[in-house]
1. Can you find even one residue in the range 217-224 that is touching a residue at least 12 places away in the same chain (Cβ under 8 Å), more than 15 Å from Leu130 (Cβ to Cβ), out of contact with any strand residue (DSSP E or B) (no Cβ under 7 Å at 6 or more places or on another chain) and of a type in the set (D, E, K, R)?
2. Could you grab me the full set of residues in the range 223-263 that are modelled with pLDDT of 85 or more, assigned to a loop (DSSP other than H, G, I, E, B) and surrounded by 11 or more Cβ atoms within 10 Å (Cβ to Cβ)?
3. So, in the range 50-67, how many residues would count as being loosely packed, with under 15 Cβ neighbours inside 10 Å and either in contact with a strand residue (DSSP E or B) (Cβ under 7 Å, 6 or more places away or on another chain) or part of a helix (DSSP H, G or I) (or both)?
4. Among the numbered conditions (1) buried (at least 17 other Cβ atoms within 10 Å of the Cβ); (2) touching a Leu at 6+ places or on another chain (Cβ under 7 Å); (3) over 30 Å from Tyr271 (Cβ atoms), tell me where Val129 comes up short.
5. Can you say whether Lys309 is basic (Lys, Arg), in a helix (DSSP H, G or I), modelled with pLDDT of 90 or more and within 23 Å of Asp191 (Cβ to Cβ), as far as the supplied structure shows?
6. Does any residue in the range 13-42 that is under 15 Å from Asn315 (Cβ atoms) and in the same structural domain as Val287 (by TED's automatic domain parsing) come within less than 8 Å, Cβ to Cβ, of a residue that is surrounded by fewer than 12 Cβ atoms within 10 Å (Cβ to Cβ) and of a type outside the set (D, E, K, R) six or more places away or on a different chain, and which pairs are these?
Amino acid sequence: MPYKHSDLRRHKFERAGYRVTNWRAYNDALRQRGSLTFWLTDEALEHWCAPRRTTPGGQPLSSDMAIEICLTLRSLFSLPLRQAEGFMRSIRALLKLDIPIPHYTTYSRRGNGLPIPARFKRRGSEPVVLVADSTGLKIFGEGEWLQKKHKTGGKRRTWRKLHICIDLTDNEIVAMELTTEAVGDTTALPDLLNQINGDIERFLADGAYDGGPTYQLMADRPQGSIIQTVIPPPKNAILSAQAETHQTERDRHIQDIESKGRMAWQKDTGYNLRSRVEAQIGRWKNVIGNKLRSRTLLNQITEAKIGQKILNRMNGLGRPMFERIV
């Protein structure tokens, strides 16, 4: 069996136990996530119809907010476009509303590049602690069942890459980018940081972000001299050429790992907090799903932005508060 040869010399970690201290409030927040009155408010119904157009062209019936709400409920309840239209028609009939329900083809057409403003609000003037990570989302294509049935192996499945940054203060997704699978983590990082309208105190990421471009990007920001960048260097990392005269932050990480060990370095730098972004990615795939339903890249970007807003709204309802008992 693997890892049995050195079992006596391995580090032993006891399984930690936690207890939710605000279970009553968190339980109410979980119920509220499925309430239609939470996702379809009176303010949204007031701005449902599109404003009168002043330029030549056709007059749209529904506003961008109405399209966004329809696509939000579609993503929330995992509905195809036609079922999403029927779902909205049933809500209109039950609530006895006099509002136009967009056709399912309108969802796809208007969702192509739909402007969705970011609603990230800074809580005070304190700098934020960012954690970045990326994951893959499946899109349309031949599935594993079809390949197995018809013996059509060798074709790679198409997918998209989701890049997110969360704020450790409240676990809110403050930046998001959806790219093709060919875009690396360091390539998408500048667009992520451009969405942050404030100072950054600390930046945590995994080894995929390691390298000179990431550290230089942090140094080029207005407050770059005070940003603490915590990225684990690889095992075979070496010091820079000017380490003796001008030691970089990456050089200090390499020396600390060599002198203290990687586990002690993770504890001292707070790198273990990076698990928060992995948990947020897990919530994304559990709530929103692990694949995209849209066909074009612009529609997929709109779908990803809607998924970001859904998770942030759920997070604003209430989060569990834990205390360690073991």
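The values are calculated or read from the model by the stated rules, or taken from the named source; none is laboratory data. These figures come from a predicted structure and were not determined experimentally. Reconstructed Cβ throughout: ideal geometry from the backbone, glycine too, with neighbour counts over all protein chains shown.
1. No, the range 217-224 contains no residue that is touching a residue at least 12 places away in the same chain (Cβ under 8 Å), more than 15 Å from Leu130 (Cβ to Cβ), out of contact with any strand residue (DSSP E or B) (no Cβ under 7 Å at 6 or more places or on another chain) and of a type in the set (D, E, K, R).
2. Of everything in the range 223-263, those that are modelled with pLDDT of 85 or more, assigned to a loop (DSSP other than H, G, I, E, B) and surrounded by 11 or more Cβ atoms within 10 Å (Cβ to Cβ) turn out to be Ile227, Ile231, Pro232, Pro233, Ala237, Leu239, Ser240, Gln247, Thr248, Gly261.
3. 0
4. Among (1) buried (at least 17 other Cβ atoms within 10 Å of the Cβ); (2) touching a Leu at 6+ places or on another chain (Cβ under 7 Å); (3) over 30 Å from Tyr271 (Cβ atoms), Val129 violates only (3).
5. Values: basic (Lys, Arg): yes; in a helix (DSSP H, G or I): yes; modelled with pLDDT of 90 or more: yes; within 23 Å of Asp191 (Cβ to Cβ): yes.
Here the answer is yes, as Lys309 does meet what is asked.
6. Every condition considered, no pair remains.
Okay, residues lined up against (1) closer than 27 Å to Glu126 by Cβ; (2) touching a strand residue (DSSP E or B) at 6+ places or on another chain (Cβ under 7 Å):
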{"site": "Cys165", "(1), (2)": "yes, yes"}
{"site": "Gly184", "(1), (2)": "no, no"}
{"site": "Leu204", "(1), (2)": "yes, yes"}
{"site": "Gln266", "(1), (2)": "yes, no"}
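Let's see how each residue does on (1) surrounded by 12 or more Cβ atoms within 10 Å (Cβ to Cβ); (2) at pLDDT 95 or above; (3) of a type in the set (Gly, Ala, Ser):
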residue: Leu76; (1), (2), (3): yes, no, no
residue: Leu79; (1), (2), (3): yes, no, no
residue: Leu95; (1), (2), (3): yes, no, no
residue: Ile99; (1), (2), (3): yes, no, no
residue: Ser108; (1), (2), (3): yes, no, yes
residue: Leu114; (1), (2), (3): yes, no, no
residue: Pro117; (1), (2), (3): no, no, no
residue: Lys121; (1), (2), (3): no, no, no
residue: Lys138; (1), (2), (3): yes, no, no
